[in-house]
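J.: Sharing a structure here in structure tokens format.
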Amino acid sequence: MTESSAELGARRAARRIAVRISLACGLAMIAVFAVGGLYLWYRTSRPARSNAESAGSFMIRLDPPDLIAGMIILGIAGVLLAAAVGWLSARSAIQPLEDSLARQRQFVQDASHELRTPLAILDARVQLVQRLVESPSEAGKALTKVRHDTASLTAVVEDLLLAVTAVELTKTSEVLEITALVKEVAGSGSVLAEEQGIVLELQTSQPVYVRIAESSLRRAVLALVENAVAHTPVGGRILIAVAAVADHAQLSVSDTGAGLSTMDRERVFERFVRGSDAGSARRGFGIGLAIVWEIATAAGGSAEVVESGPSGTTMRISLPLSVPPGP
């Protein structure tokens, strides 16, 4: 079975720990043997005692070259023994971590695999209903949006399955006009906002082109919108803006929530870090903004908190502009 990157990392950590333990033990043993050798050298190099002093005593004469050779052999044996002890100690220390990673990998793999079939069935049923509904109608438009959302969820599940099966996940980036995609995501986000009594607005200008995988950008924008909805009170407002500034495309999401503390601003894009505002309507897990940062940096851009205070927070993704594709 192919090892995942997490398992490989655990094995590398075990090797590093083993090397450090071995070096420490080896150096300690070398130091002990060196001190012992110096002491024995001192004892054997002292002048012989007189016959009167040595009468009735038993003495062993050690030849210094033989003594040094013995100390070297013992030192080498000690270092090898320390290396073996260090390796076994490191393996026993890392084994629980490897077991935990294996269980986590198995869970994600099973969950992702089990979700694929229901999603495929859901998509097929939506297509069936679409055939029974007129396309220009409101119901037809709603079903089209449902199919897009289902496709996005299926793509996320596929990414998870590929990641845990140790298959190299490469998303094909393309030159993408992001204004239309942001409008589509804003339409999905408006459903979440309306449930919380929040007004969601979109501000765009001219077409903006960047090089990024469409599914990745969709996930990043939706994560920003979900975060804004989670931290905006009832009756609040969220603004999504897209603009080209200098040589970068800037996509910002502003809300009218309570803002972030200084500590939250410094760590908001770290995994499993959640805001300290106790009044948010939805409880998050501290993953969404970390995904935003990873997607933005992977595309050569950045993610940042532009401003935050009692009147709200603005988060922004900046991506390098690309030349529009030819006709």
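The values are calculated or read from the model by the stated rules, or taken from the named source; none is laboratory data. Quick caveat: nothing in here was measured; it's all calculated off a predicted structure. Note: ideal-geometry Cβ built from the backbone for every residue, glycine included; neighbour counts use all protein chains shown.
J.: With respect to S190, determine if the residue is buried (at least 18 other Cβ atoms within 10 Å of the Cβ), free of Cβ contacts under 8 Å to residues at least 24 places away in the same chain and either in the same structural domain as G288 (by TED's automatic domain parsing) or among the aliphatic types (A, V, I, L, M) (or both).
T.: The answer is yes for S190.
Listed here are the residues, each with its yes/no results for (1) basic (K, R); (2) surrounded by fewer than 13 Cβ atoms within 10 Å (Cβ to Cβ).
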residue: R105; (1), (2): yes, no
residue: E114; (1), (2): no, yes
residue: L119; (1), (2): no, no
residue: D123; (1), (2): no, no
residue: L143; (1), (2): no, no
residue: A151; (1), (2): no, no
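J.: Can you tell me which residue is farthest from I291 (Cα to Cα) among those in the stretch 209-227 that are at pLDDT 90 or above and surrounded by fewer than 23 Cβ atoms within 10 Å (Cβ to Cβ)?
T.: Y209
J.: Collect the residues in the stretch 154-188 that are in a helix (DSSP H, G or I), modelled with pLDDT of 80 or more and hydrophobic (A, V, I, L, M, F, W, C), keeping them in residue-number order.
T.: I178, A180, L181, V182, V185, A186 - these are the residues of the stretch 154-188 that are in a helix (DSSP H, G or I), modelled with pLDDT of 80 or more and hydrophobic (A, V, I, L, M, F, W, C).
J.: Now for a different question. Determine the pairs where a residue that is more than 17 Å from G187 (Cβ to Cβ), located within the stretch 230-254, has a partner that is in a strand (DSSP E or B) and hydroxyl-bearing (S, T, Y) with Cβ atoms under 6 Å apart, the partner being 6 or more residues away or on another chain.
T.: Qualifying pairs under 6 Å: H248/S318; Q250/S318; S252/T314; S254/T314.
J.: Go through the stretch 228-237 and give me each residue that's more than 26 Å from T154 (Cα to Cα) and crowded, with 18+ Cβ neighbours inside 10 Å.
T.: H231, T232, G236 - these are the residues of the stretch 228-237 that are more than 26 Å from T154 (Cα to Cα) and crowded, with 18+ Cβ neighbours inside 10 Å.
J.: State the number of residues belonging to the stretch 189-203 that are modelled with pLDDT under 90 and in a loop (DSSP other than H, G, I, E, B).
T.: Selection size over the stretch 189-203: 1.
J.: A further question on this structure: What number of residues within the stretch 137-153 are assigned to a helix (DSSP H, G or I) and free of Cβ contacts under 8 Å to residues at least 24 places away in the same chain? If you could, list the steps in order and put the result at the bottom.
T.: Pass one, the stretch 137-153, residues assigned to a helix (DSSP H, G or I): 138-153.
From what's left, free of Cβ contacts under 8 Å to residues at least 24 places away in the same chain: 138-144, 146.
Result for the stretch 137-153: 8.
J.: Where the second residue is surrounded by 10 or more Cβ atoms within 10 Å (Cβ to Cβ) and of a type in the set (D, E) and the first is within 14 Å of S152 (Cα to Cα) and lies in the stretch 113-136, which pairs have Cβ atoms under 9 Å and are six or more apart or on separate chains?
T.: That search, which allows pairs on different chains as well, returns R116/E158.
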